[in-house]
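Notes to accompany the following structure.
The values are calculated or read from the model by the stated rules, or taken from the named source; none is laboratory data. Bear in mind the structure is a predicted one, so any value in this text is a computation, not a measurement. When we count neighbours, we look across all protein chains shown, and the Cβ atoms used for this are built from the backbone with ideal geometry, even at glycine.
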């Protein structure tokens, strides 16, 4: 019955072609345990208490060629999700360029409803890219051009997938690649080290007294390899919530491994500015599109 319900949602999504929400898992959500926790929707499109993950699909008009796709992870310190300005607004902007977008409503770590809260968001990110690749033909997506994007703590999740994709935490019988083809990170939490961490994100994911091994594992600037995907980063130098050094150190270590990368640091802008930094006339999203074009990840002739 659960599988039939999932298939129905999937069918409706394919038929409607856009802005449809489907459950992330066919059956029971892995790594979960019984709980009476309820999802809470707040103002500004924010959501708390997520225990049932979903994928909301924004497909551009169908064309003869397959689309690049981006899975979007909104931020919120692993305590809530900013689904509006770090989700829906961004997805619609991607569609203007003919890029498919998928907003991941991932689980927010909680010992009360998860066996191991530290891996729950990663499981959901892995399942999201697996699901998009499994349905690439139906959604007119290029299976080799599926990236992940994240803002703030969502940037930590995105960069965790980009550096831990071989740490398979979900069922993957068909050995589908869980590696994103590129990453776009907006003012991301990257490091869990004492000097760089965003305290709330670290405590929510791995607890108030994490081991040194856990801190190292989830300090993603230290987990880069030659297989880490090409990355675009944007941050503000005056960000007082997530230090800009998170992006700088990640960028520097990408260069050490010769990973294609580009970084844009604004003098001002603070944290959480979404698509538009109000302190500048510059549009960082356009720069990200140009970067995707330069790396042949989207058609070079695309215009909004």
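Listing for the model above:
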quantity	calculated
Failed criterion for residue 296 (all others in (1) touching a strand residue (DSSP E or B) at 6+ places or on another chain (Cβ under 7 Å); (2) part of a loop (DSSP other than H, G, I, E, B) hold)	(1)
Tabulated pairs, the range 122-142, first touching a residue at least 12 places away in the same chain (Cβ under 8 Å), second part of a helix (DSSP H, G or I), C-beta under 6 angstrom, 6+ apart or interchain	122/160; 125/157; 125/161; 138/14
Residue in the range 277-304 that is surrounded by the fewest Cβ atoms within 10 Å (Cβ to Cβ), counting only those that are at pLDDT below 95 and out of contact with any helix residue (DSSP H, G or I) (no Cβ under 8 Å at 6 or more places or on another chain)	301
Count of the range 247-276 residues which are closer than 21 Å to residue 148 by Cα and either free of Cβ contacts under 8 Å to residues at least 60 places away in the same chain or surrounded by fewer than 16 Cβ atoms within 10 Å (Cβ to Cβ) (or both)	18
Boolean, residue 210 is at pLDDT below 95, outside any strand (DSSP E or B) and on the phi < 0 side of the Ramachandran plot	no
Candidates 173, 208 - the one that is closer than 29 Å to residue 143 by Cα, without any contact (Cβ under 8 Å) to a residue 24 or more places away in the chain and surrounded by fewer than 22 Cβ atoms within 10 Å (Cβ to Cβ)	173
When residues of the range 177-199 are limited to those that are assigned to a loop (DSSP other than H, G, I, E, B) and more than 18 Å from the chain's Cα centre (by Cα), the one surrounded by the fewest Cβ atoms within 10 Å (Cβ to Cβ)	195
Out of 103, 99, 72, sole residue that is farther than 20 Å from residue 161 by Cα, buried (at least 19 other Cβ atoms within 10 Å of the Cβ) and in contact with a strand residue (DSSP E or B) (Cβ under 6 Å, 6 or more places away or on another chain)	99
Strands (runs of 3 or more DSSP E) wholly inside the range 12-109 that include at least 1 residues being over 21 Å from the mean Cα position of the chain (by Cα) and modelled with pLDDT of 95 or more	none
In the range 213-226, residue surrounded by the fewest Cβ atoms within 10 Å (Cβ to Cβ) [restricted to those that are more than 18 Å from the chain's Cα centre (by Cα) and either part of a loop (DSSP other than H, G, I, E, B) or in contact (Cβ under 8 Å) with a residue 60 or more places away in the chain (or both)]	226
